[in-house]
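Structure first, then comments.
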Amino acid sequence: MKTILIMNGPNLSQLGKRDPKHYGSGTLADLENACISKGIELGVKVQCFQSESESAIIRKLHTSMGVIDGIVLNAGAYTHYSIAIRDAIELIKIPVIEVHLSDIHNRESFRNTSVIEAVCVEQVCGMGVKGYLVAMEKLVEKYISIDSDAAEALVSDNDPPWRNISRSIPMRQKHWSPTTIRSLRKERRSTRSTKNCLCFLSGE
C-alpha cells in the first residue's frame, strides 16, 4: 500500500491557539485525523510529522526516500527562506505538494514568496484544512499509482460481489486508479442492495 506523509513545520503545533482568522480554530490533531480519514478513503497509508526544527524536517525528508510515495508539506515560515529544505525536497525525488492554510499570496509581502514552490509538484493555499485533503487527492490521482493488491485489501476477502468484480479486470492491469476503486465500491454497494431486496421479498 502506498504511503503519504503529512509534514507540518514550525508553529503548526499551536493550531487552535494561533490567529484563528488565518489558521482556523481546529487543532493539529484535528488536521491529522482528517488526513488519516482521507487516507482510508483514498486507499493509502498516512504518516504524520510535525517539528519546529528545520534540521528535523530535513532529516525526515531524507529518511523518506524509498519509504514514502508522496508528501504534503506545510513548511510554515521556512517556506519563505529555507534553501536547505528546498534542496532536500529537490534531492529526494518524491512528489511533494506545498500546502498552506491561509492564502500566502494575499498576506504580508514577506509571506508572498515561496522558495520551495519551484521544487514542489503543486501548491495549494488558502483552503484551510481542506487544502491538505485536496493535496492528498492530487497526489493519488496524478502522482501515485495505487497497487491492485492494496485496493482489494480495502474490503473483506469474504465479500463475493467484490471478488467477482475484481476478477473481471485483466490481471495485466498492475494498478487501479482511485476512480476505478470508487466505481467498484459503488457497484459492490449496488449488488448488495439488490441482494438485500431479493432476500426481503423472498422472506429470508
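The values are calculated or read from the model by the stated rules, or taken from the named source; none is laboratory data. All values reported here derive from a predicted model rather than from experimental measurement. Neighbour counts run over all protein chains shown; Cβ positions are idealised from the backbone, glycine included.
Out of all the residues in region 56-65, is one or more touching a Gly at 6+ places or on another chain (Cβ under 9 Å) and surrounded by 14 or more Cβ atoms within 10 Å (Cβ to Cβ)?
Yes: region 56-65 contains one or more residues that are touching a Gly at 6+ places or on another chain (Cβ under 9 Å) and surrounded by 14 or more Cβ atoms within 10 Å (Cβ to Cβ).
Any chance region 44-65 includes a residue that's basic (Lys, Arg), in contact with a strand residue (DSSP E or B) (Cβ under 7 Å, 6 or more places away or on another chain) and farther than 21 Å from Glu137 by Cα?
Looking through region 44-65, at least one residue is basic (Lys, Arg), in contact with a strand residue (DSSP E or B) (Cβ under 7 Å, 6 or more places away or on another chain) and farther than 21 Å from Glu137 by Cα.
Can you go through Ile89, Ile85 and tell me which one is crowded, with 20+ Cβ neighbours inside 10 Å and in contact with a Phe, Trp or Tyr (Cβ under 6 Å, 6 or more places away or on another chain)?
Ile85
Pairs needed: first member in region 62-80, outside any strand (DSSP E or B); second member anywhere, crowded, with 23+ Cβ neighbours inside 10 Å and small (Gly, Ala, Ser); C-beta distance under 8 Å; at least 6 residues apart or different chains.
If the second residue must be crowded, with 23+ Cβ neighbours inside 10 Å and small (Gly, Ala, Ser), the pairs left are Ala75/Gly9; Gly76/Gly9; Ala77/Gly9; Tyr78/Gly9; Thr79/Gly9.
Output the number of residues of region 12-33 satisfying the condition of being among the polar types (S, T, N, Q), surrounded by 12 or more Cβ atoms within 10 Å (Cβ to Cβ) and either in contact (Cβ under 8 Å) with a residue 40 or more places away in the chain or not in a helix (DSSP H, G or I) (or both).
1
Kindly establish whether Ser37 is at pLDDT below 95, out of contact with any strand residue (DSSP E or B) (no Cβ under 7 Å at 6 or more places or on another chain) and over 21 Å from Ala75 (Cβ atoms).
no
Quick check, is Ala135 crowded, with 22+ Cβ neighbours inside 10 Å and either among the basic types (Lys, Arg) or in contact with a helix residue (DSSP H, G or I) (Cβ under 8 Å, 6 or more places away or on another chain) (or both)?
Against the criterion (crowded, with 22+ Cβ neighbours inside 10 Å and either among the basic types (Lys, Arg) or in contact with a helix residue (DSSP H, G or I) (Cβ under 8 Å, 6 or more places away or on another chain) (or both)), Ala135 does not qualify.
Please determine whether any residue of region 95-106 is at pLDDT below 95, surrounded by fewer than 16 Cβ atoms within 10 Å (Cβ to Cβ), outside any helix (DSSP H, G or I) and hydroxyl-bearing (Ser, Thr, Tyr).
Checked region 95-106: no residue is at pLDDT below 95, surrounded by fewer than 16 Cβ atoms within 10 Å (Cβ to Cβ), outside any helix (DSSP H, G or I) and hydroxyl-bearing (Ser, Thr, Tyr).
Give the residues of region 104-142 that are free of Cβ contacts under 8 Å to residues at least 40 places away in the same chain and small (Gly, Ala, Ser), sorted by residue number.
Ser109, Ser114, Ala118, Gly126, Gly131
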